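Take a look at the structure below.
The values are calculated or read from the model by the stated rules, or taken from the named source; none is laboratory data. Bear in mind the structure is a predicted one, so any value in this text is a computation, not a measurement. Please note: Cβ atoms are built from the backbone with ideal geometry, for glycine as well, and neighbour counts cover all protein chains shown.
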Amino acid sequence: MGRSSSGVKGMDLDGSVVVGAEVVSPGHLVLIVTENGYGKKTIIDEYRLTHRGSKGVKALNVTEKNGMMTSLKCLSPEANDILDLMIMTDSGIIIKLPLGQVSTLKRATQGVRLINLRDEQKVSTVALVEKDNSDDPVDNN
């Protein structure tokens, strides 16, 4: 295309918002966390390929209970052994949980509760961090 062209439309959003984009390989997992503290992992092979201008593929059954999607991360199959999940709320509460505790579910499900939120709290940030092995007992001999 030339310099003055506007390109082509990749996806028709219809009022939705893009939360994230990741490069994946077969066998990888997609981690999704919602604003009300729900989350799930899904095998990438459950998502079909689409063409330009499509509506996309439903990744989460959004309800009033689980809320809108906040974060999307790509995980390798061995991520459960080497990574933890950190979730921060808009009021500054942070929890860290093993990635292995997040259920692997089908594509169009709601997810499971990852963090209990009070009143009007929402999940604001999600990060993957390396496991901290400092909790292991240390031999001081």
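Does residue 33 satisfy the condition of being touching a residue at least 60 places away in the same chain (Cβ under 8 Å) and either under 17 Å from the mean Cα position of the chain (by Cα) or not in a strand (DSSP E or B) (or both)? Quick ask: steps written out before the conclusion?
Numbers: touching a residue at least 60 places away in the same chain (Cβ under 8 Å): yes; either under 17 Å from the mean Cα position of the chain (by Cα) or not in a strand (DSSP E or B) (or both): yes.
It is true that residue 33 is touching a residue at least 60 places away in the same chain (Cβ under 8 Å) and either under 17 Å from the mean Cα position of the chain (by Cα) or not in a strand (DSSP E or B) (or both).
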Report summary line: Flagged in segment 84-124 as over 25 Å from residue 57 (Cβ atoms) and touching a Pro at 6+ places or on another chain (Cβ under 9 Å), in numbering order, are 84
Report task. Determine whether residue 46 is in contact with a Lys or Arg (Cβ under 6 Å, 6 or more places away or on another chain) and at pLDDT 90 or above. Result -> yes
Requested in this report: With a cut-off of at least 3 residues that are of a type outside the set (D, E, K, R) and over 25 Å from residue 26 (Cβ atoms), name the strands (runs of 3 or more DSSP E) lying wholly within segment 44-128.
Outcome: 83-89, 94-98
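Out of 5, 54, 16, report the one residue that is surrounded by 12 or more Cβ atoms within 10 Å (Cβ to Cβ) and free of Cβ contacts under 8 Å to residues at least 24 places away in the same chain. Break it down stepwise before answering.
Numbers: 5 fails: surrounded by 12 or more Cβ atoms within 10 Å (Cβ to Cβ); 54 fails: free of Cβ contacts under 8 Å to residues at least 24 places away in the same chain.
Going through 5, 54, 16 in turn, just one is surrounded by 12 or more Cβ atoms within 10 Å (Cβ to Cβ) and free of Cβ contacts under 8 Å to residues at least 24 places away in the same chain: 16.
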